[in-house]
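The values are calculated or read from the model by the stated rules, or taken from the named source; none is laboratory data. Predicted, not measured: the structure shown is a model, and the values here were computed from it. Positions of Cβ are generated from backbone atoms using ideal geometry, with glycine treated the same way; all protein chains shown enter the neighbour counts.
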Amino acid sequence: MNWSQEVAQQAGVHWERQFRPRFEGMSDEEYFWEPGPGAWSVRPDAGGVLRADFAVPPPEPAPVTTIAWRLAHLNVLFELQQVLIGGPAIDWQDATPPPATAKESLDRLDGFVTAWVEGVGNLGDDGLAQATSTEGWTVASMVLHQNRELIHHGAEIALLRDLYRLK
């Protein structure tokens, strides 16, 4: 069995068969819709650059978020994790700012997921077993974590789309 292909397809199949078709036709109004008071979203900073709302430490309870915030989160995570598949190492503070439209955000994530599936699929068993710069984490554990991020945030975005439609 080729484990890197299996793990790659976990992300690929969820994206291509479940999430991407489900996200088709998303409007910018829906992308920025705030489902509750105090929702975290993507907003311009003092210099006009879009940024996802963020706090350290995060508030308790965690605020509800917009689809824009969730897609920004996924895009940043995939951008940062490209290093695992031969891409550049990027500090989170240097990540590309979130897109201003639903289409741009989904197109960006399409590119990241496509590169991810191909790159992870080419790692092989030895590549998955490699240590990472995060103590105690192998490439395999980071890849599985990234796949979980895609799956659970994808499901949350799908739910937000349902709630938006029913509002």
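Before moving on, here are some points about what is shown:
One line per residue, one yes/no per condition, for (1) at pLDDT 95 or above; (2) under 25 Å from ALA52 (Cα atoms); (3) small (Gly, Ala, Ser):
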residue: GLU79; (1), (2), (3): yes, yes, no
residue: GLN93; (1), (2), (3): no, yes, no
residue: THR101; (1), (2), (3): yes, yes, no
residue: GLY119; (1), (2), (3): yes, no, yes
residue: THR134; (1), (2), (3): no, yes, no
residue: GLU149; (1), (2), (3): yes, yes, no
residue: ALA155; (1), (2), (3): yes, yes, yes
residue: ASP162; (1), (2), (3): yes, yes, no
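- When the test is whether a residue is among the acidic types (Asp, Glu), at pLDDT below 95 and more than 14 Å from the chain's Cα centre (by Cα), ASP53 does not pass it.
- Sole residue being free of Cβ contacts under 8 Å to residues at least 24 places away in the same chain, hydroxyl-bearing (Ser, Thr, Tyr) and either under 23 Å from LEU163 (Cα atoms) or in contact with a Lys or Arg (Cβ under 9 Å, 6 or more places away or on another chain) (or both), chosen from THR96, THR101, THR114, THR66: THR96
- Single match in ALA131, ALA140 (criterion: over 28 Å from LEU160 (Cβ atoms) and surrounded by fewer than 12 Cβ atoms within 10 Å (Cβ to Cβ)): ALA131
- Residues in segment 93-137 that are under 21 Å from ASN75 (Cβ atoms) and of a type in the set (Asp, Glu): ASP94, GLU104, ASP107, ASP110, GLU118.
- Counted residues, segment 101-120 - those being out of contact with any Phe, Trp or Tyr (no Cβ under 9 Å at 6 or more places or on another chain) and either surrounded by 19 or more Cβ atoms within 10 Å (Cβ to Cβ) or not in a helix (DSSP H, G or I) (or both): 2
- Just so you know, in segment 64-111 the residues that are farther than 23 Å from VAL7 by Cβ and among the aromatic types (Phe, Trp, Tyr) include one that is farthest from the chain's Cα centre (by Cα), and it is TRP92.
- Residue under evaluation SER41, criteria (1) within 24 Å of TRP116 (Cα to Cα); (2) surrounded by 15 or more Cβ atoms within 10 Å (Cβ to Cβ); (3) among the polar types (S, T, N, Q), criterion not met: (1)
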